[in-house]
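Here is the structure we will look at, set down as structure tokens.
Each reported figure results from applying straightforward, stated rules to the coordinates on display, with no laboratory input. These numbers were taken from a predicted model, which means no experiment stands behind them. As a convention, Cβ positions derive from the backbone with ideal geometry for all residues, glycine included, and neighbour counts pool all protein chains shown.
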Amino acid sequence: MSIAIYPLTSALHDPQAVTALTQEFLSSLGLPFELKDNDFADYGSHDLDLIFVRTGGTEGIFKRLMPQLVAQSTKPFYLLASDKSNSLAASLEILSYLQQQGLQGEILHGNAAYISAKIRMLQRVGEAANHLRQCRLGVIGEPSDWLIASVKDAAKVRQKLGVELVDIPMSELLETLEHTPEQPVEEKSDVSVIQAALPMATRIYVALKSIIQKYDLQGFTLRCFDLLDAVHNTGCWALAKLNSEGIVAGCEGDVPTMLTMMVVRALCGTSSFQANPASINPETGEILFAHCTIPFDMVQRYELDTHFESGIGVGIRGYVPEGPVTICKLSGDVSRCFITEGQLIYNQAKPDLCRTQLMIRLDDPSQTTYFLTNPIGNHHVIVSGRHTEVLKALMQGL
């Protein structure tokens with residue numbers, strides 16, 4: 001966790017007066033930071049780098065520095081502006097210049113509480129971005145055949161997110177599974193077909209953990225339907241457990257959804273639910289999302305069932321606490337994202353759908369237009385709570 005502040009000061013201003021104002025302004029923010037002294041050599045190396053435009057007359061100084069700063073960092077420019085010494089006026093000119101050069105930036109200005117909250121949020125984004133640059137995510141098997149639009153662009157993912165995608169043949173998981181011995185089963189079911197499926201469901205979990213350790217993965221997506229024929233079981237229970245342990249675990253080989261789940265994990269520190277809309281009411285903004293697995297740490301309780309489409313294996317019917325949620329999706333080339341918020345109004349358990357079923361009412365019913373006219377694939381990611389601001393801040397910096 002690190003915040004660096006790089007001051008820009010015009011030589012026309014009295015140094016002692018500027019120093020006093022700087023101390024007063026920065027102290028009011030109540031944040032830990034490192035104040036640099038006209039040395040930009042390590043600009044871009046912190047969770048958050050702020051340029052404090054202390055006075056007017058600094059626009060030319062910034063213009064001369066800009067090539068160096070652009071070479072050192074691809075992040076947006078954040079200009080810290082006070083209400084003294086024409087700080088804001090100079091910041092406006094600098095931001096306009098940045099935009100003319102096709103660069104991103106923002107002025108942080110307002111009362112101390114507002115600026116402090118904004119900085120904390122941007123620091124959180126910076127921490128998440130640094131975490132993502134250290135992530136290796138596995139693609140175990142190809143995406144499922146029906147995911148014709150959910151394709152990946154590994155080069156763009158590496159360039160924009162810093163995430164490395166690791167292709168792993170499905171045959172390797174099956175071979176690992178073959179050599180995985182029977183394991184103690186921690187679940188029980190009164191339904192004989194589910195109870196009979198639990199030992200293999202547990203072995204799938206252990207085999208996946210072996211793959212994770214071998215390739216040093218922070219997450220993966222699995223072509224899970226191949227398990228139906230190969231071992232007459234599903235990965236639903238294993239994915240639910242791995243997600244709850246902090247390993248991003250996605251279904252159907254869907255790379256864009258896995259990336260979205262990883263971004264949520266990095267930013268929000270929590271698990272998320274991969275699901276597809278089963279029905280949409282454009283007038284009320286109500287959308288029913290469903291899938292056969294959900295992280296155990298997202299639910300207040302859960303039940304075991306079979307996998308919906310096949311009627312075999314172990315599926316998860318989870319019940320998520322009602323309240324605010326965020327729905328999001330990132331495209332496979334990281335060029336598009338969708339983020340909206342709503343309320344989880346109830347859970348249901350109809351037999352003719354994937355086992356976990358969440359009815360969500362969007363805050364803005366017009367957002368249903370996105371799903372019906374310009375969606376990013378069928379799967380979307382749901383996370384409890386309101387996270388739009390921090391998600392947008394990260395996406396805007398890509």
(message) At 222 nm, what value in deg cm²/dmol follows for the chain if DSSP H runs of at least 4 each add -39500 (n - 2.57) and the sum is divided by all its residues, to the nearest 500?
(response) -11500 deg cm²/dmol
(request) Return Ser210, Ser331 ranked ascending by Cβ neighbour count within 10 Å, so the fewest neighbours appear first. (result) Ser210, Ser331
(request) Note down the net charge around Ile5, summing +1 for each Lys or Arg and -1 for each Asp or Glu among other residues with Cβ under 13 Å from its Cβ. (result) -4
(request) Please find the FRET efficiency linking Val166 to Ser192, where r is the Cβ-Cβ separation and R0 is fixed at 51 Å, and quote it to the nearest 0.05. (result) 0.85
(request) Filter the DSSP H helices in the chain by two things, a Kyte-Doolittle mean of at least -1.0 and an axial alpha-carbon span of 27 angstrom or more, and list the hits by number. (result) 112-132, 192-215
(request) Assuming R0 = 45 Å, can you tell me the calculated FRET efficiency for the pair Glu175 and Thr284, based on Cβ-Cβ distance, to the nearest 0.05? (result) 0.35
(message) Can you report the principal axis dimensions of the stretch 3-132 using only the alpha carbons, biggest first, rounded to whole angstrom?
(response) 43, 32, 24
(message) Could you give each residue of the stretch 270-285 its phi-based ³J(HN,Hα) in whole Hz, using Karplus coefficients 6.51, -1.76, 1.60 with θ = phi - 60°, and x for Gly or Pro?
(response) 9, 6, 9, 10, 7, 8, 10, x, 9, 7, 9, 10, x, 6, 9, x
(request) Any chance you could list P(r) for the stretch 238-346, counting all Cα-Cα pairs in 10 angstrom bins from zero, rounded to whole %? (result) 13, 45, 35, 6
(message) Springs between alpha-carbon pairs under 10 angstrom, Gaussian network model over the chain: which of Ala240, Ala249, Ala117 fluctuates most?
(response) Ala117
(message) Test of the criteria: in the stretch 278-359, which GluC sites (Glu not before Pro) are in a DSSP loop and have at most 12 other Cβ atoms within 10 angstrom of their Cβ?
(response) Glu283, Glu309
(message) Just to confirm a number: summing +1 for Lys and Arg and -1 for Asp and Glu over residues other than Ala196 whose beta-carbon lies under 15 angstrom from that of Ala196, what do you get?
(response) -2
(message) In whole Å, what are the extents of the stretch 51-209 along the principal axes defined by its C-alpha atoms, from largest to smallest?
(response) 76, 34, 26
(message) So for each of 223-236, 251-264 I average, over its residues, the number of other beta carbons within 10 Å; can you give me the resulting order with the highest mean first?
(response) 251-264, 223-236
(message) Two decimals, Cα atoms only, Kirkwood Rh: what is Rg/Rh over the chain?
(response) 1.06
(request) Report the FRET efficiency, 1/(1 + (r/R0)^6), for Asn111 and Ser2, where r is their Cβ-Cβ distance and R0 is 30 Å, rounded to 0.05. (result) 0.75
